[in-house]
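> My questions will all concern the structure given below.
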Amino acid sequence: MEGLNYFNELPEECVSAILSLTSPLDACRSSLVFSTFRSAVESDMVWDRFLPSDYFDMVSRSLTPLKFASKKQLFQCLCNPLLIDGGKLSFNLEKSSGKKSYLLSARALSITWSSDPVYWCWVHMTESRFSEVAVLRTTNWLEIEGKIKTGMLSSNTKYGAYLVIKIRNGAYGLDSEKAELSVQVGDDHDQAWTGATYLFGNPDRKNNVEHLRSSSRLIEVEQILREREDGWMEIELGEFFNGELDDVDQDVKMSFKEVKSYHLKGGLIVEGIEVRPKQLILITSPSSRWFHPPLDPWRILTPCGRNFYRLIIRRFCPD
């Protein structure tokens, strides 16, 4: 598009204002397309818009001090897991969108009988970001619950909740009965998901299926433990949509339980429950911790970014 050349003639302040109305992904990619964008994308004006409004609160709650010289550097710092609230909670921003994610540690969860060393023990594991994780010794009542406030999350965002675990060699009883999964926002049954799945067993088992139910639909999804990039495993508990932040601040209740069979079970290691945005584009490169430019400069923008620039061109650039 010839109109794109006019972006190189815009004042840097104007370019920064334009970039601040896109997304972190589109801003970084735009700097690879237009020469004048390369300095503008470093502007605090741009990255202040991408940071959450409560970023200063997150920085003050950090377990370790953050070092940054610009808003872009701060954004990059917050894209890495940050321990807050005495190390019981991990917070980070999603790189491409700036949306919030949290991992509630096992200590921040309600785990039945976790304070009794007969049933559970607490140990340090070097592969965990937290100081300790919960290890199931033996129990016939497995119940794990977590809560998070909707006001802590990004608005107008679809979230998924995931139980983050490992399974020890010699684990037993975890596949004797399907575990019940649920996610509910406040008392709104339209935002209530329930399901059932085998946690540990033969992945080829035909009935190893999760049933997610809401008030209006039934979805069947093959449900197996999935390996994460950090070396842990996860199983999805459900999903929900977080609306406008000016709505009533509600509890999101997430649970995993198997309390029907009364079979003894053991060998489960619980790191926590993660709440993160769903359906996001993650792009990495061996040469860059951020975004890797494809060959076509225009195609590297997301559809939303391309539409935004088309509107700018029509408004400010001649035919």
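The values are calculated or read from the model by the stated rules, or taken from the named source; none is laboratory data. Being a predicted model, the structure only gives us computed values, none of them experimental. All Cβ positions, glycine included, derive from the backbone under ideal geometry; neighbour counts span all protein chains shown. Each accessible area value is taken on the protein alone, full model and side chains, heavy atoms only, with ligands, DNA and RNA left out. Shrake-Rupley method; radii C 1.70, N 1.55, O 1.52, S 1.80 Å.
> Mind listing whichever residues of the stretch 42-66 are assigned to a helix (DSSP H, G or I) and aliphatic (A, V, I, L, M)?
Let us first name the residues in the stretch 42-66 that are assigned to a helix (DSSP H, G or I), namely 44-50, 55-60.
Matches in the stretch 42-66: MET45, VAL46, MET58, VAL59.
> Right, here's the next one. Take the residues of the stretch 1-27 that are at pLDDT 70 or above, open to solvent by less than 20 Å² (accessible area, probe 1.4 Å) and hydrophobic (A, V, I, L, M, F, W, C): which is nearest to GLY98 (Cα to Cα)?
If we take residues in the stretch 1-27 being at pLDDT 70 or above, open to solvent by less than 20 Å² (accessible area, probe 1.4 Å) and hydrophobic (A, V, I, L, M, F, W, C), then LEU25 is nearest to GLY98 (Cα to Cα).
> Can you pull out every residue in the stretch 44-61 that is in contact (Cβ under 8 Å) with a residue 24 or more places away in the chain and either under 13 Å from PHE75 (Cβ atoms) or over 21 Å from the mean Cα position of the chain (by Cα) (or both)?
Answer for the stretch 44-61, where residues must be in contact (Cβ under 8 Å) with a residue 24 or more places away in the chain and either under 13 Å from PHE75 (Cβ atoms) or over 21 Å from the mean Cα position of the chain (by Cα) (or both): ASP44, MET45, VAL46, TRP47, ASP48, ARG49, PHE50, LEU51, PRO52, MET58.
> May I pose another question? So for the stretch 28-43 (the condition being under 22 Å from the mean Cα position of the chain (by Cα) and open to solvent by 50 Å² or more (accessible area, probe 1.4 Å)), does at least one residue qualify?
No: zero hits.
> Something else about it: Given the conditions (1) in a loop (DSSP other than H, G, I, E, B); (2) in contact with a strand residue (DSSP E or B) (Cβ under 9 Å, 6 or more places away or on another chain), which single one is not true for ALA69?
(2)
> With a cut-off of at least 3 residues that are modelled with pLDDT under 95, name the strands (runs of 3 or more DSSP E) lying wholly within the stretch 85-183.
157-172
> Something else about it: Of the residues that make up the stretch 222-235, is at least one modelled with pLDDT of 90 or more, part of a strand (DSSP E or B), open to solvent by less than 60 Å² (accessible area, probe 1.4 Å) and at positive phi?
Among the residues of the stretch 222-235, not one is modelled with pLDDT of 90 or more, part of a strand (DSSP E or B), open to solvent by less than 60 Å² (accessible area, probe 1.4 Å) and at positive phi, which makes the answer no.
> Related question: Can you confirm whether the stretch 212-220 contains a residue that is open to solvent by less than 60 Å² (accessible area, probe 1.4 Å), at pLDDT below 90 and out of contact with any strand residue (DSSP E or B) (no Cβ under 8 Å at 6 or more places or on another chain)? Steps first, please.
Kept after step one, since they are open to solvent by less than 60 Å² (accessible area, probe 1.4 Å), are these residues of the stretch 212-220: 212, 214, 219.
Those still in the list that are at pLDDT below 90 too: 212, 214, 219.
Restricting the remaining residues to those that are out of contact with any strand residue (DSSP E or B) (no Cβ under 8 Å at 6 or more places or on another chain) gives none.
The answer is no; no qualifying residue exists.
> Still on this model: When you check ASP57 against the structure, is it under 22 Å from SER96 (Cβ atoms) and surrounded by fewer than 22 Cβ atoms within 10 Å (Cβ to Cβ), yes or no?
On the way: under 22 Å from SER96 (Cβ atoms): no; surrounded by fewer than 22 Cβ atoms within 10 Å (Cβ to Cβ): yes.
Judged against the criteria, ASP57 is not a match.
> Pull up the stretch 73-84, narrow it to residues that are within 20 Å of the chain's Cα centre (by Cα) and in a helix (DSSP H, G or I), then point me to the one that is farthest from VAL275 (Cα to Cα). Step through it out loud before you land on a result.
If we filter the stretch 73-84 for residues that are within 20 Å of the chain's Cα centre (by Cα), which is where we start, we get 74-84.
Checking which are in a helix (DSSP H, G or I) leaves us with 74-78.
Working: LEU74: 22, PHE75: 19, GLN76: 20, CYS77: 19, LEU78: 16 Å.
Here the answer is LEU74.
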